[in-house]
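One structure below.
The values are calculated or read from the model by the stated rules, or taken from the named source; none is laboratory data. Just so it is clear, the structure is predicted and the values come from calculations on it, not from any experiment. When we count neighbours, we look across all protein chains shown, and the Cβ atoms used for this are built from the backbone with ideal geometry, even at glycine.
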There are 2 protein chains.
Amino acid sequence: MTGDLLARAREGDKRALARVLSAVENDEPRAADILRELYPKTGRARIVGVTGPPGGGKSTLVNRLAGAYREQGERVAIVAVDPSSPFSGGALLGDRIRMQERALDEGLFIRSMASRGHAGGLARTTARVVNVLDAIGYSVVLVETVGVGQEEVDVVRVVDTVCLVTVPGLGDDIQAIKAGVLEIADILVVNKADRPGADETARDLAQMLTLGKLRTEWKPPILRTVAATGEGVPDLVSAIARHAIWAGESGERDRRRRDAARSEVESLLRDGLVRRLRDRVGEDRVERAVARVADRALDPYAAVDELLED
Amino acid sequence: MTGDLLARAREGDKRALARVLSAVENDEPRAADILRELYPKTGRARIVGVTGPPGGGKSTLVNRLAGAYREQGERVAIVAVDPSSPFSGGALLGDRIRMQERALDEGLFIRSMASRGHAGGLARTTARVVNVLDAIGYSVVLVETVGVGQEEVDVVRVVDTVCLVTVPGLGDDIQAIKAGVLEIADILVVNKADRPGADETARDLAQMLTLGKLRTEWKPPILRTVAATGEGVPDLVSAIARHAIWAGESGERDRRRRDAARSEVESLLRDGLVRRLRDRVGEDRVERAVARVADRALDPYAAVDELLED
């Protein structure tokens, strides 16, 4: 059954693929089988992240990038991660809007993910979804995240190249935002560069780069785009390609992929250990300990010592 | 030594308190002792969260709230959580700027936290910092977070009352943001309400409230403030007090505190289990498994099965 679904997904059946992804996102029982089977086939796709504060036109830019890669003959998957929709499933709406635009293109697959219900963390689920798309045969996977928090930083750790998108004049907090995510960015993009203040924003970014400490010898280029018209997109595609070559040669790509493997092993390990403990001591005992901690009758350290003692 | 530090912190020595908080934030060896000792004294403070997208004037509003509570004779602690600064320690700058304003007030303590280095997650560290401030004798703890992602949602889970701050005309993505965090908000604030579009924003929020499903019977009020002048702040203080009374009577406060206790017990449990396993099988073996997973020679599930087998 699972094998059949995977076979159909691999043959280009988008509905089958959507069901495979849902199984992985919801951590259904068959998810482990799916990931076990697909894992050896991963590691081939080019994985590109696009992140930045809201209002930067990231979706439009990602659509443009997808179009450019499609013209190069690549099979493209877009994963739109929306950590700001933990409850309402707002990502679904975006899904439909985008789908209408490009539904007829066989070589393009679009998946929206909200934060809801990713028990192991959004970053972990995203990594698994990317692995599935990679193994199923998409040669380019574009991961788009809204926001600039730690969660987005964690999400984009799964990608090979991180594009940070800003726009001119985003307001007071933009300085802090830029400082925060600047260090994970491989390519800096000033989008909506036809707006007033683009020069200033680019100059600010350049200055921040000279102030900050680069993680590697790669110096992030600062590009200008107008996603609405497509201006600057070919340069962005070139910059991504240059970064990919550098990352392959310098060992940076391997380093990131090893970090991703470590995260996955560690999180599965934690799950397995906790499941074993719960089976052994029983849900009831854990819940009773929690109640005593909530009542301040017991401190949490003492509660854990008790539970681990057996 | 730890006891001495705690005693001095309790007597109002802010430098001693800062060192206690650093120990807790960095998970120093003495952190467990500190939290064990302080835990029974927690559960007394009123804990108020202020969250919302960047550019909403949250810091100014939090300063105003702090001033209002100080006038009521409360001892006030502000915890400014900045998930957008994972690396650069940008929060420190904010710390200094604020400190200059209010350093001379003995009844006010301000702590900024960046995302960097909270291995157990920012939400968990925030919960511990809040517990310390509560136990040490601050009667009001204001938790300010920048952003609207899942991480902020997790951070504000530790508070009794969540204020979501928006402003008129934040741009394209504001709809998605509001939909996402609306469900965790107990009080909705339209700040900078003297700007054009405030009526529209308030109306949008009201409409979204009627569309969304309320978690409880509490109906979040929609307030208008101008933090820069202090307008509307007394109403906000009253609304927070009303919510606190309702939460106490309805059992909502107990429910949230039990959830917080559960999170803390579960995360300590996971840490303890993983530490034990690492001691048993050795760091080397874990690292070798990770390397094989990174090379696609082994899938992560098989790796974990191997490690857990012993």
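Tabulated data for the structure shown
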read-out: Segment A:1-39, residues that are within 17 Å of A:D134 (Cβ to Cβ), surrounded by fewer than 14 Cβ atoms within 10 Å (Cβ to Cβ) and among the hydroxyl-bearing types (S, T, Y); value: none
read-out: Any hit, segment A:11-34, residues being touching a residue at least 12 places away in the same chain (Cβ under 8 Å), under 23 Å from A:A247 (Cβ atoms) and touching a strand residue (DSSP E or B) at 6+ places or on another chain (Cβ under 8 Å); value: no
read-out: Search result, residues across segment B:248-295 that are of a type in the set (S, T, Y) and in contact (Cβ under 8 Å) with a residue 40 or more places away in the chain; value: B:S263, B:S267
read-out: Conditions (1) more than 10 Å from chain A (Cβ to nearest Cβ); (2) at pLDDT 90 or above; (3) buried (at least 17 other Cβ atoms within 10 Å of the Cβ): number failed by B:R70; value: (3)
read-out: Among the residues listed as A:T216, A:T210, the single one being of a type in the set (S, T, Y), touching a residue at least 12 places away in the same chain (Cβ under 8 Å) and farther than 18 Å from A:K58 by Cα; value: A:T216
read-out: Residues located in segment A:51-63, provided they are over 17 Å from A:L188 (Cβ atoms) and modelled with pLDDT of 85 or more; value: A:S59, A:T60, A:N63
read-out: Segment A:226-241: number of residues that are over 15 Å from A:I184 (Cα atoms), in contact (Cβ under 8 Å) with a residue 12 or more places away in the chain and under 22 Å from the mean Cα position of the chain (by Cα); value: 5
read-out: Any chance B:R30 is under 24 Å from B:L236 (Cα atoms), basic (K, R) and modelled with pLDDT of 90 or more; value: no
read-out: Matching residues in segment B:50-61 - criterion: being surrounded by fewer than 24 Cβ atoms within 10 Å (Cβ to Cβ) and hydrophobic (A, V, I, L, M, F, W, C); value: none
read-out: Residue in segment B:1-54 that is nearest to B:F109 (Cα to Cα), counting only those that are basic (K, R) and in a helix (DSSP H, G or I); value: B:K14
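Residues checked against (1) of a type outside the set (V, I, T); (2) under 20 Å from A:G121 (Cα atoms); (3) out of contact with any Cys (no Cβ under 8 Å at 6 or more places or on another chain):
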| position | (1), (2), (3) |
| --- | --- |
| A:L5 | yes, no, yes |
| A:A9 | yes, no, yes |
| A:A23 | yes, yes, yes |
| A:E28 | yes, yes, yes |
| A:I34 | no, yes, yes |
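Per-residue answers, yes or no, for (1) under 28 Å from A:L61 (Cα atoms); (2) of a type in the set (G, A, S):
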{"position": "A:P234", "(1), (2)": "yes, no"}
{"position": "A:A241", "(1), (2)": "yes, yes"}
{"position": "A:W246", "(1), (2)": "yes, no"}
{"position": "A:G251", "(1), (2)": "no, yes"}
{"position": "A:D254", "(1), (2)": "yes, no"}
{"position": "A:D271", "(1), (2)": "no, no"}
